[in-house]
Structures are given as C-alpha cells and as structure tokens.
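Below is one structure; the comments refer to it alone.
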Amino acid sequence: MKDRLKDYVLTIPGVLSKSLCKKIIKELKSSSWETQEFYVNRKGTSKHVSKGENSDKTFDIIPSDQSIKDEVWKAIYKYIIEEINFPWFPGWEGFCHLKFNRYQKNKSMDEHCDHIHSAFDGKRKGIPILSVIGALNSNYEGGELVMFQDKEYTLKTGEVLIFPSVFLYPHKIMPVTKGTRFTYVTWVY
C-alpha cells in the first residue's frame, strides 16, 4: 500500500497512438458541443464549472470509440495490477461512456472532485472509483491540469492520467492560452 496521495496519480504514456488521436480529433470536429456544467445536488441545479470561460463537452459517439475503449481498458488494468499493485482488486466492472472535452483559447475548468453520479442512474450500477483523463493532442499552450494546489500535469498526445475519483483528489484545468486542447474522460466503476 502506498502512503502518499500523489502516489495514486499516474501518467501512462502511449495509450493511444498519435495517428489514432489525430483521427479522433478529426471525427470530433463535426460533434455537437455544449458548455460544461456541474450538477449541484443539494440545490438540484447545474452550474458552470468556471467563473470565466468554460470548457465544452460532448458525449457524441464517434467511429473510433471502440478503439479508445480497448486501449483504455488495458491502461486501467496496468494502473491497478502493475502500477498500484492491487492484484487482489478484480472488483472493477468497467467504465462509463466517453466524454470528450474541448478547451479553446481562454477556456478552463474550476477546481472540483469527480463525484460523478449521473452516469450511474440507469443500467449501470456502481460508484466511480477511478478517473481517467486522456490527451488527444499537445499542440496548445496552457491548459495544465493542477492537482494538490500546485502539482501540474501536462499530458502528451496519447497519454492518460488515472487517479481515484474521491474528494481527496480535487483538480482543475488552467486556461488554454494558445490553440485548442482535446481530451477524453471516463470513470471506472
């Protein structure tokens, strides 16, 4: 068992090939995007996730969805079995539909923790245990993921960042200053 919170935040390189990432971005160009919001349970309302410019999201299924899912499955296995070394934990069932995020210039996301519940109100039963963020490109500036108030994670094309989906792992995305940042996210349950 590891003894520091940061030990459970891991970057796994090369999950998706650069050519697949490029293909995915091309497929996403025709997606319908909407402004990112969070649901505030105690108020029963949604709110924007940034005081300034918000990121955009889409849940559109694209032709490359299955290719992404196959590779993400392998990365999750690597995280749990090889990196964290929890062979006794075969209890994860799968992961949610992919959500794609687009951060154009000046877009960001406020600090939050991944207390996702909307993905578990239908056929899927469970609780989110891991968050997976995958980078589809790195030809932009800014857009760093910040965790633990000062630890920056800048993902390269094809890399994923995996960490526990609990209140101990708040994170935010700094504003993009140049270009467009494309990522995908999913939650393991």
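Please treat every number below as a calculation from the coordinates, not as lab data. Given the structure is predicted, the values throughout are model-derived calculations rather than measurements. Every residue, glycine as well, gets a Cβ built from its backbone with ideal geometry; the counts of neighbours run over all protein chains shown.
Summary table
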{"read-out": "Amide H partners (placed H, <5 Å) of Val176, local residues excluded", "value": "Asn106, Lys107, Gly143"}
{"read-out": "Between the range 91-111 and the range 130-168, the alpha-carbon center distance in angstrom", "value": "10"}
{"read-out": "Highest-first arrangement of 177-187, 148-158, where packing means the average Cβ count within 10 Å", "value": "177-187, 148-158"}
{"read-out": "Per-selection metrics, the chain (Cα): Rg and Dmax in Å", "value": "15.8, 45"}
{"read-out": "Debye-sum result for the range 134-181 in log10 I(q)/I(0), which assumes one identical scatterer on each alpha carbon, at q = 0.16, 0.24 Å⁻¹", "value": "-0.45, -0.92"}
{"read-out": "Contact order relative to length of the chain, as percent, for alpha carbon pairs under 8 angstrom and 6 or more apart", "value": "30"}
